Amino acid sequence: MHYYLAKLPLLLILLLAPTVWAKEHLQILAWDGYADADLVREFEKRYQVDVKVTLVYSDDELWSKVTEPNSDSYDLIAVNTAELQRYIAKGLVRSLDTNTIPNLNHQLPRFKHREAIPGLVKSGQTYAIPYTYSEMGIIYNRKLVHQPPESINALWDPTYAGKVLAFNTSNHNFTLAALGSGIKNPFIQSPEQLRQSARRLVELRRNLLTFYSSPQEAVKLFKTQEIALIFANYGNQQLKALIDVGADVGYTMPQDGTLAWLDCWAALNEAGPLAEQWINFMLEEKASLRLTNAQGLANTIQESTAHHNANLIWLEPIENADARASLWDQIISGDVMERF
């Protein structure tokens, strides 16, 4: 057997070689600005691997890409702590080997204590590592709005009819509507409360110019249309993008509560140890400071200058993501108030 193998041409031997000769692949689902191309190239060169980053622009899109049949085999996702819970519940993510992520030691104390952050640790196992966070305030056009809005209900103010932008997503919008309506727990709504919130969102739809789907789209609309208010789903990242193009805008945290998110890296079930290496790499100073300097987002290794005195309401798991998504599809398709 070995004699005949020795007689084979070198090219044929290489063709018959096992697939271990191929580079490892890492497929990532992330938000814009979380994994810049130069950082990806640096990681590829360091570990001699191939990395593919696919951008997502809403929690609904992220869930769809992970769960759709015959989808690509993704390894890592950037996901907020509230959304993470349904990935854990469905058995879509695995626990992380934190012993292979030494840069966890460089995180601020509040992020090192992962047990104190709801949703990260289950049965002693860590399922996600904090990466960045922001509040979701209201951006206002100083030329059209002379006093910072004090309530989330400003988005519904008829004074700004046709001059408001809201984000195209099912989960946060029902939570916003509930906040504005005074529902005690905006994350856990009864079927009747969801219908009430749906009717409120129909009212919001009537007050909007449109729903946007990315920070870039919001910037483009601001430059070409007369926009008074924007619900800033992307927080300070979105604010910086507008300021960078010369927009005269302010940023305010509604006194009746401002939603806030904490995004983390999590590994899907099929991910190998390369997932932990990626997380460790993204916790290095270069990648962490890129979030702040280029995107305007907070990182987990240095203190943020964010609005510490704001009434922040950190996202929590919601009562029924499918029910919200179904109602949202009706709302954006133009269903009238009476349908709810």
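Miscellaneous remarks
Residues are listed down the side, and each one gets a yes or a no for (1) of a type in the set (Ser, Thr, Tyr); (2) in the same structural domain as Ala128 (by TED's automatic domain parsing); (3) at pLDDT 95 or above; (4) under 26 Å from Lys143 (Cα atoms):
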| site | (1), (2), (3), (4) |
| --- | --- |
| Leu221 | no, no, yes, yes |
| Gln225 | no, no, yes, yes |
| Leu229 | no, no, yes, yes |
| Asn236 | no, no, no, yes |
| Ala247 | no, no, yes, yes |
| Glu276 | no, yes, yes, no |
| Leu283 | no, yes, yes, no |
| Lys286 | no, yes, yes, no |
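- Identity of the residue in the stretch 206-227, among the aliphatic types (A, V, I, L, M) and in contact with a Gly (Cβ under 9 Å, 6 or more places away or on another chain), that ends up farthest from Thr258 (Cα to Cα): Leu209
- Being crowded, with 21+ Cβ neighbours inside 10 Å, more than 23 Å from Arg206 (Cα to Cα) and touching a strand residue (DSSP E or B) at 6+ places or on another chain (Cβ under 9 Å) is not true of Ile152.
- Pairs meeting the criteria (first residue in the stretch 107-120 and among the charged types (D, E, K, R), second residue not in a loop (DSSP other than H, G, I, E, B), beta carbons under 8 Å, at least 6 apart or on different chains) are Arg110/Ala116; Lys112/Leu104; Lys112/Asn105; Arg114/Val121; Arg114/Thr126; Arg114/Ile129; Arg114/Pro130; Glu115/Val121.
- Residues in the stretch 155-180 that are modelled with pLDDT of 95 or more and out of contact with any strand residue (DSSP E or B) (no Cβ under 9 Å at 6 or more places or on another chain) were compared, and the one that is surrounded by the most Cβ atoms within 10 Å (Cβ to Cβ) is Phe174.
The values are calculated or read from the model by the stated rules, or taken from the named source; none is laboratory data. These numbers were taken from a predicted model, which means no experiment stands behind them. Every residue, glycine as well, gets a Cβ built from its backbone with ideal geometry; the counts of neighbours run over all protein chains shown.
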